[in-house]
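First up is the structure itself, then whatever we jot down about it.
The values are calculated or read from the model by the stated rules, or taken from the named source; none is laboratory data. Computed from a predicted model, the values in this text were never measured in an experiment. Cβ atoms come from the backbone with ideal geometry, glycine included; neighbour counts cover every protein chain shown. Just so you know, the surface numbers come from the protein's heavy atoms only, side chains and all, with ligands and any DNA or RNA stripped out. Shrake-Rupley method; radii C 1.70, N 1.55, O 1.52, S 1.80 Å.
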Amino acid sequence: MNDLRGCRIGVLEARLASEAAALVRRSGGVPVAAPALREEPFPAGPAVAAFLDELSAGRIGLVVWQTGVGVAAVFREAEALGRADELRDGLARVRTLSRGPKPAAALAAQGLRPTHGAASPYTTADVLRALDGLEVSGQGVGVVHYGEPNEPLALGLRARGARLVELQVYLWRPPSDDRPLAALAADVAAARVDAVLFTSQIQVRHLWDAAPAAVRPLLAEAFTGAVIAAAVGPTCAEALRAYGVRDVVTPENPKLGPLVAALSRRLAERPRRPLQAAEVHP
C-alpha cells in the first residue's frame, strides 16, 4: 500500500483538486492545496467554423487531439454553431490521433474512436513517433492545442510536409488568487512541506512566478535537498529541470496514482519527519 507517512504534500492540481487531495489523504499524507492552473475558455467560434469548413470539404485528412478538455471545447463550439453533427460525421471520415487516454475518452463520449494513438507516457516526442508511420505530406492536418500552442508538434508536422489547421480553444492561466501558491512556494523554500506533486508542466512555471522575489532563487535548492519534486511524466520533469531541479521522482505510468506510489517509495528511503499541523495551510 502507498504510505506517505504523515508527510505534508503540496498539491498543485486544480481541475481534479479534490480527487488529488483525497488520494493523498488515503495514502497517509496531509495535502497542502495550492491550485496552480486556471483553464480559461478562448473564444474560438470563427476558428472552429473555419476548421469545420475544411473538414467537410475533405481538405483535412488527420486530426491530432492533445487533451480531453480540447475535445470537449471544440464540440461545445460546434454545438453553439449548430454544427456538432457535422463535426462528428467529418471526424468519422478521417484519421484521428489521440495523445493519450483522456482525449480518447472524450471522443468516445461523442461516439467516436481515434484511429491512432501515441504511446505512453504521451509526450510530444511520442506523438511525433506515432506520426512517423502516417503519411501527412501535402495533407491538411488539424491540430487542437492544449492551453498554449505546442510549437514542437507544429514544427514536426510542418517538417513532414503537412498543411496545418490549428485550433486554440482554451488557455492556461495562473490562478485568480495566487496567494495559496505563493504560500506553498515559501513553504517549499523553508522545507515546511515534504514533497510537491506536479501534474502538468505549466504548474512548474506558475509556482515559480507566484513565489515571492526573495523565495524564488531558493526553490531549486530546496527541491534538490529537503523537498521532493514528484512529476507525473517526463515533460513535467523536464520543466522542473529547466528551473534547476536536478532530482525529480517520476512514475513509470504517467498517472496520479502511480505518481503517489513512486513518491511513497522515495519517502520510505528517508527518515520520518514529525507532522506539525500548524505549518499546514487550510
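With the requirement that a residue be touching a strand residue (DSSP E or B) at 6+ places or on another chain (Cβ under 6 Å) and over 26 Å from THR250 (Cβ atoms), what does the stretch 108-135 give you? THR115 - this is the single residue of the stretch 108-135 that is touching a strand residue (DSSP E or B) at 6+ places or on another chain (Cβ under 6 Å) and over 26 Å from THR250 (Cβ atoms). For ALA185, the criteria (1) among the small types (Gly, Ala, Ser); (2) part of a helix (DSSP H, G or I); (3) open to solvent by less than 10 Å² (accessible area, probe 1.4 Å); (4) over 30 Å from ARG25 (Cβ atoms) hold in every case but one, which is (4).
Being in contact with a strand residue (DSSP E or B) (Cβ under 6 Å, 6 or more places away or on another chain) and over 17 Å from PHE223 (Cβ atoms) holds for only one residue in GLU166, GLU151, and it is GLU166. Taking the stretch 55-82 as the range and being among the acidic types (Asp, Glu) and touching a residue at least 12 places away in the same chain (Cβ under 8 Å) as the test, only GLU77 passes.
Only one of the numbered conditions (1) within 25 Å of GLY147 (Cα to Cα); (2) touching a residue at least 40 places away in the same chain (Cβ under 8 Å); (3) in a helix (DSSP H, G or I) is violated by SER264, and that is (1). Based on this model, can you work out whether GLY138 counts as touching a residue at least 12 places away in the same chain (Cβ under 8 Å), buried (at least 17 other Cβ atoms within 10 Å of the Cβ) and assigned to a loop (DSSP other than H, G, I, E, B)? It is false that GLY138 is touching a residue at least 12 places away in the same chain (Cβ under 8 Å), buried (at least 17 other Cβ atoms within 10 Å of the Cβ) and assigned to a loop (DSSP other than H, G, I, E, B). Within the stretch 190-236, the set of residues being open to solvent by 50 Å² or more (accessible area, probe 1.4 Å) and closer than 30 Å to VAL127 by Cβ comprises GLN201, ARG205, ASP209, PRO234, THR235. Checking LEU181 against (1) touching a strand residue (DSSP E or B) at 6+ places or on another chain (Cβ under 9 Å); (2) touching a residue at least 60 places away in the same chain (Cβ under 8 Å): exactly one of these is not met. Which one? Every listed condition holds for LEU181 apart from (1). Evaluation of ARG273 against the conditions (1) at pLDDT 95 or above; (2) under 19 Å from VAL30 (Cβ atoms); (3) assigned to a loop (DSSP other than H, G, I, E, B) shows that the sole unmet condition is (1). Residues in the stretch 1-19 that are aliphatic (A, V, I, L, M) and out of contact with any helix residue (DSSP H, G or I) (no Cβ under 6 Å at 6 or more places or on another chain): MET1, ALA14, LEU16, ALA17.
Within the stretch 243-260, take every residue that is over 16 Å from VAL196 (Cβ atoms) and touching a residue at least 24 places away in the same chain (Cβ under 8 Å) and give me the one that is surrounded by the fewest Cβ atoms within 10 Å (Cβ to Cβ).
Restricting to residues being over 16 Å from VAL196 (Cβ atoms) and touching a residue at least 24 places away in the same chain (Cβ under 8 Å), the top hit is GLY257.
Taking every residue in the stretch 83-104 that is over 14 Å from ILE60 (Cα atoms) and pairing it with any residue that is polar (S, T, N, Q) and crowded, with 22+ Cβ neighbours inside 10 Å, at least 6 positions away or on another chain, the pairs with Cβ-Cβ distances below 8 Å are ARG99/GLN66; PRO103/GLN66; ALA104/SER98.
Residues in the stretch 149-182 that are surrounded by fewer than 16 Cβ atoms within 10 Å (Cβ to Cβ) and within 19 Å of TRP208 (Cα to Cα): LEU171, ARG173, SER176, ASP177, ARG179.
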